[in-house]
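The values are calculated or read from the model by the stated rules, or taken from the named source; none is laboratory data. What you see is a predicted model, and the numbers here were worked out from it, not measured in a lab. So basically every Cβ, Gly included, is an ideal-geometry build from the backbone, and we count neighbours across all protein chains shown.
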Amino acid sequence: MSIDAIDRNIIRLLRRDGRMPNSDLAAQVGLSPSACLRRVRQLEASGTIRGYTAIVAGAADDGIIAIVRITLERQTEAYLNRFEAAVRSHPEIQECFLMTGDADYILRASAPNAAAYELIHKEILSRLPGVVRIHSSIAMRNVLHPATPAARSR
């Protein structure tokens, strides 16, 4: 499916508010509601839009989020498979991306506080198979998904 400027605008608006009523979406992209809904359904059917999600308040909102760059000893298929299988068994790690560049993987982990993240670092990350380097950065705030409605208006 080829994506044009209207499709890109639909995607941009839905990324900001996935529950936006179709009539509002249509008005903002300059289409009739039926034409807009047809485009959204085509984007969904093609897999361009793979789903919708809720951003849920919880412990991570009150705690810290760590973005972690991992370097492995080797980048063989066996090392990558072993590392990925181990990551899947730890719910503290919410996201894991195989990367190009100077890090082999980038992970996102959350913890209620720095002491709890230190335990994740010591007890989980440093024990993952094949890891030779861990570089953690702590997020200060999420610009795209603020924790509270009041934060959005800033």
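Couple of notes before you dig in:
- For the stretch 1-34, residues that are surrounded by 12 or more Cβ atoms within 10 Å (Cβ to Cβ) and assigned to a loop (DSSP other than H, G, I, E, B) total 4.
Conditions (1) farther than 15 Å from PRO112 by Cα; (2) at pLDDT 95 or above; (3) charged (D, E, K, R), marked per residue:
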residue: ILE49; (1), (2), (3): yes, no, no
residue: THR53; (1), (2), (3): yes, no, no
residue: ALA60; (1), (2), (3): no, no, no
residue: ILE67; (1), (2), (3): no, yes, no
residue: LEU72; (1), (2), (3): yes, yes, no
residue: LEU80; (1), (2), (3): yes, yes, no
residue: PHE83; (1), (2), (3): yes, yes, no
residue: GLU92; (1), (2), (3): no, no, yes
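- Count - residues of the stretch 16-44 that are touching a residue at least 12 places away in the same chain (Cβ under 8 Å) and among the charged types (D, E, K, R): 2
- Some residue of the stretch 78-99 being charged (D, E, K, R), in contact with a helix residue (DSSP H, G or I) (Cβ under 7 Å, 6 or more places away or on another chain) and outside the structural domain of ARG133 (by TED's automatic domain parsing): no
- Residues being at pLDDT below 90 and in contact with a strand residue (DSSP E or B) (Cβ under 9 Å, 6 or more places away or on another chain) - total across the stretch 113-154: 1
- Breaking point among (1) in contact with a Phe, Trp or Tyr (Cβ under 8 Å, 6 or more places away or on another chain); (2) surrounded by fewer than 15 Cβ atoms within 10 Å (Cβ to Cβ); (3) in a loop (DSSP other than H, G, I, E, B), for PRO129: (2)
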